[in-house]
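Novice: One structure, pasted below without further comment.
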Amino acid sequence: GVGLFGSSLKEPSCYVATFFLKKGEIPKWLQGTLIRNGPGMHKIGDTVYNHWFDGMALLHSFTFKDGEIFYRSKYLRSDTYRSNMEANRIVVSEFGTMAYPDPCKNIFAKAFSYLSHTIPDFTDNCLINIIRCGEDLYASTETNYIRKIDLETLETNEKVDYRKYVALNLATSHPHYDTNGNTYNMGTSIGDKGKTKYQIIKIPQSKPGDKEHACFTNCEVICSIPSRSLLRPSYFHSFGMTENYIVFIEQPFKLDILKLATAYFRGVNWASCLGWYPNDKTYIHLIDRETKKILSTKYYTDALVVYHHVNAYEEDGHVIFDIVAYNDNSLYDMFYLKILKLDDAAFEKQGKTFSSPSCRRFVIPLQHDKNVELGTNIVTLENTTASALKEKDGYVYCKPEILFEGIELPRINYDYNGKKYRYIYASKVQWRPVPTKIIKCDILTKTCYEWREDHCWPAEPVFVRAPEAKEEDDGVLLSSIVSSDPKTSSFLLVLDAKTFKELGRASVTADIHLDLHGLFIPEK
Ligand SMILES: CC1=C(/C=C/C(C)=C/C=C/C(C)=C/C=O)C(C)(C)CCC1
Ligand SMILES: [Fe+2]
């Protein structure tokens, strides 16, 4: 079975299947492919990864064609995957597992292999998401590597190293897209010319006839934000983008570069290089996309940890952004396999508490009267309890409005990205990392629709707009559902995004793994 921990097949084969059981009606207009990514193999030979984010990337796709659905899955043939398979054990370090090459024969070889790891070369096991650059698709993680993939066959193509084109050692798996086909991403450049900075890049859409990788050679840094600290840049997993601004949250969850450089010989994993500083502030940076400058007002909030931005937009002189945030950094600890494997009783007993996510709205006033008294709330928007208190020396203390509790893996109708919007689609989580429900949250009425079924673990729901959509929620929501009951098979669920009623489902004979993120690519 694949399920949560993945299979331990030595050389898994490409799995192609048509669905064997269809129920209900899958709309005829739904033509295209939902392609998703996530960790699918946590054991290689006799070696086992420690953390769920370490698993070998397993791509899978659901193709909708004239009422038929085809399923396909294939491990990403990364360099990491190939090396591991050849050695029949884990030989490349991942987020939560440090791997050591063959025991060194002599002291010189040992010193040499240690040195070569001083500046770590990270993994190309791109397990987090699928990103689109023009017509091309890439599997992505958070290192400097992405891997081009083939939408139809799920085959793995060339490896792209961001460092060849721009100064970036890490980059997010959650880029943004504009309506002209450009892709925007953000990453961290470590110690380049003695400075550590966050960089926002624009990857222009490749044009027909362009040379290979033209979009990367034409890639441009649109803004560079100096890190507050040379050796401790903040960690971040995504960012927000409105029509005129980029929203970047510099949180007190930081990557320690010295720890990173020495992790290998200290025998600790990359994850242990992330530090949480609960007494520090969280800085909110707004970058003007036109002038490429950071706004000079020092917006900040209390210490928090955010992975996923939901959406951001402008309204009446304010930037509004919604994020899924935590009160501490415990989330990544929750995904150690030894924690995931605990049953409910054991989980409760193990003593460690995990912070639960909440969807928080921040409202940032772009301008305010210089004469306003210190301590005044300068948010002038109605219908929000989010506030922004003016303080001395150009500081503004922002307090969020809690929109919804216990949601993660948020998605929206992406046509509304950067615009005023109303609906969030997400997974509902309750003190265990495995989601049990899909939820639609209405920001306007503060009400929610939920879908759940016994023994069902739903993946991140993906919204697909209907062809003649008039309203934001005119479309369907797709989610692959992993069954935790061995007697029933996994299936793809199609919900009407407006009513949250089930339109149809299609069971697959293959084991489906619980994944992370994906994209719907409409048929051309
Ligand atoms: C390998 C590696 C990293 C990998 C991070 C990963 C794989 C994060 C996954 C996060 C997910 C899946 C979050 C979901 O909300 C770091 C720490 C960036 C830097 C050091 C090398
Ligand atoms: Fe993510």
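Novice: Any chance you could count how many residues in segment 339-376 are buried (at least 16 other Cβ atoms within 10 Å of the Cβ) and not in a loop (DSSP other than H, G, I, E, B)?
Specialist: Selection size over segment 339-376: 11.
Novice: Considering only residues that are at pLDDT below 95 and either crowded, with 20+ Cβ neighbours inside 10 Å or within 16 Å of ligand 1 (Cβ to nearest atom) (or both), which ones fall in segment 224-255? Don't jump to the end; show me each part of the working.
Specialist: Step one: of segment 224-255, the residues at pLDDT below 95 are 228-231.
The one that is at pLDDT below 95 and either crowded, with 20+ Cβ neighbours inside 10 Å or within 16 Å of ligand 1 (Cβ to nearest atom) (or both): L231.
Novice: Do we find a residue being at positive phi and free of Cβ contacts under 8 Å to residues at least 60 places away in the same chain anywhere in segment 187-197?
Specialist: Our first condition is that a residue be at positive phi; within segment 187-197, this holds for 191, 193-194.
Among the residues that remain, those that are also free of Cβ contacts under 8 Å to residues at least 60 places away in the same chain are: 193-194.
Yes, segment 187-197 contains at least one residue that is at positive phi and free of Cβ contacts under 8 Å to residues at least 60 places away in the same chain.
Novice: Shifting gears a bit: Look at segment 40-73 and say how many of its residues are touching a residue at least 60 places away in the same chain (Cβ under 8 Å), within 20 Å of E86 (Cβ to Cβ) and in contact with a helix residue (DSSP H, G or I) (Cβ under 8 Å, 6 or more places away or on another chain).
Specialist: 5
Novice: Quickly run through segment 498-516 and pick out the residues that are surrounded by fewer than 18 Cβ atoms within 10 Å (Cβ to Cβ) and among the β-branched types (V, I, T).
Specialist: Selection gives T499, T509.
Novice: Kindly establish whether I339 is within 16 Å of ligand 2 (Cβ to nearest atom), more than 29 Å from I294 (Cβ to Cβ) and not small (G, A, S). Step through it out loud before you land on a result.
Specialist: Details: within 16 Å of ligand 2 (Cβ to nearest atom): no; more than 29 Å from I294 (Cβ to Cβ): yes; not small (G, A, S): yes.
So I339 does not fit the description; no.
Novice: If you go through segment 204-220 one residue at a time, do you hit one that is hydrophobic (A, V, I, L, M, F, W, C), modelled with pLDDT of 95 or more and not in a loop (DSSP other than H, G, I, E, B)?
Specialist: No, every residue in segment 204-220 fails to be hydrophobic (A, V, I, L, M, F, W, C), modelled with pLDDT of 95 or more and not in a loop (DSSP other than H, G, I, E, B).
Novice: Report, by residue number, each residue of segment 493-514 that is outside any loop (DSSP other than H, G, I, E, B), modelled with pLDDT under 95 and within 25 Å of the chain's Cα centre (by Cα).
Specialist: Scanning segment 493-514 gives a single hit, H513.
Novice: Which residue pairs have Cβ atoms closer than 8 Å, lie 6 or more positions apart in sequence or on different chains, and pair a first residue in segment 509-523 that is β-branched (V, I, T) with a second residue that is part of a loop (DSSP other than H, G, I, E, B)?
Specialist: The qualifying pairs are T509/F20; T509/S489; I512/V2; I512/S490; I521/L151.
Novice: Can you name the number of the only condition in (1) of a type outside the set (S, T, Y); (2) more than 16 Å from ligand 1 (Cβ to nearest atom); (3) under 29 Å from the mean Cα position of the chain (by Cα); (4) not in a loop (DSSP other than H, G, I, E, B) that H309 fails?
Specialist: Among (1) of a type outside the set (S, T, Y); (2) more than 16 Å from ligand 1 (Cβ to nearest atom); (3) under 29 Å from the mean Cα position of the chain (by Cα); (4) not in a loop (DSSP other than H, G, I, E, B), H309 violates only (2).
Novice: Residues in segment 326-334: is at least one hydrophobic (A, V, I, L, M, F, W, C) and either farther than 18 Å from E408 by Cβ or away from ligand 2 (no atom under 16 Å from the Cβ) (or both)?
Specialist: There is no residue in segment 326-334 that is hydrophobic (A, V, I, L, M, F, W, C) and either farther than 18 Å from E408 by Cβ or away from ligand 2 (no atom under 16 Å from the Cβ) (or both).
Novice: Mind counting the residues in segment 119-171 that are in a loop (DSSP other than H, G, I, E, B), away from ligand 2 (no atom under 16 Å from the Cβ) and not hydrophobic (A, V, I, L, M, F, W, C)?
Specialist: Residues flagged as in a loop (DSSP other than H, G, I, E, B), away from ligand 2 (no atom under 16 Å from the Cβ) and not hydrophobic (A, V, I, L, M, F, W, C) within segment 119-171 amount to 13.
Novice: State all residues of segment 142-176 that are of a type in the set (D, E, K, R) and either under 17 Å from F248 (Cβ atoms) or surrounded by fewer than 22 Cβ atoms within 10 Å (Cβ to Cβ) (or both); if no residue qualifies, say none. If you could, list the steps in order and put the result at the bottom.
Specialist: Keep residues of segment 142-176 that are of a type in the set (D, E, K, R), which gives 142, 147-148, 150, 152, 155, 158-159, 161, 163-164.
The answer is E142, K148, D150, E152, E155, E158, K159, D161, R163, K164.
Novice: May I ask you to list pairs of residues, at least six apart or on different chains, whose Cβ atoms are under 8 Å apart, with the first in segment 422-439 being under 25 Å from T384 (Cα atoms) and the second being small (G, A, S) and assigned to a strand (DSSP E or B)?
Specialist: From segment 422-439, the pairs are I439/A426; I439/S427.
Novice: Determine which member of the set K501, K487, K419 is more than 16 Å from ligand 1 (Cβ to nearest atom) and under 30 Å from I246 (Cα atoms).
Specialist: K419
Novice: Another question about this same structure. Considering only segment 458-478, I want to know if a residue exists there that is within 16 Å of ligand 1 (Cβ to nearest atom), within 21 Å of S355 (Cβ to Cβ) and of a type outside the set (K, R).
Specialist: Checked against the condition, which is being within 16 Å of ligand 1 (Cβ to nearest atom), within 21 Å of S355 (Cβ to Cβ) and of a type outside the set (K, R), segment 458-478 yields at least one hit.
Novice: Name the residue that is nearest to L170 (Cα to Cα), counting only residues in segment 255-269 that are under 25 Å from the mean Cα position of the chain (by Cα) and outside any helix (DSSP H, G or I).
Specialist: L255
Novice: Further question: Return only the number of the condition from (1) modelled with pLDDT under 95; (2) more than 16 Å from ligand 1 (Cβ to nearest atom); (3) within 15 Å of Y198 (Cα to Cα); (4) of a type outside the set (F, W, Y) that H285 does not satisfy.
Specialist: (1)
Novice: Out of the residues in segment 388-438 that are under 17 Å from S480 (Cβ atoms), of a type in the set (A, V, I, L, M) and at pLDDT 95 or above, state the one that is farthest from the chain's Cα centre (by Cα).
Specialist: Top of the filtered list is I438.
Conditions (1) under 17 Å from V363 (Cα atoms); (2) small (G, A, S); (3) within 16 Å of ligand 2 (Cβ to nearest atom), marked per residue:
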site	(1), (2), (3)
I246	yes, no, no
E250	yes, no, no
V268	no, no, no
L274	no, no, yes
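The values are calculated or read from the model by the stated rules, or taken from the named source; none is laboratory data. Bear in mind that the values here come from a model prediction, so they are computed numbers and not experimental data. In this analysis, Cβ positions are derived from the backbone assuming ideal geometry, glycine residues included, and neighbour counts consider all displayed protein chains.
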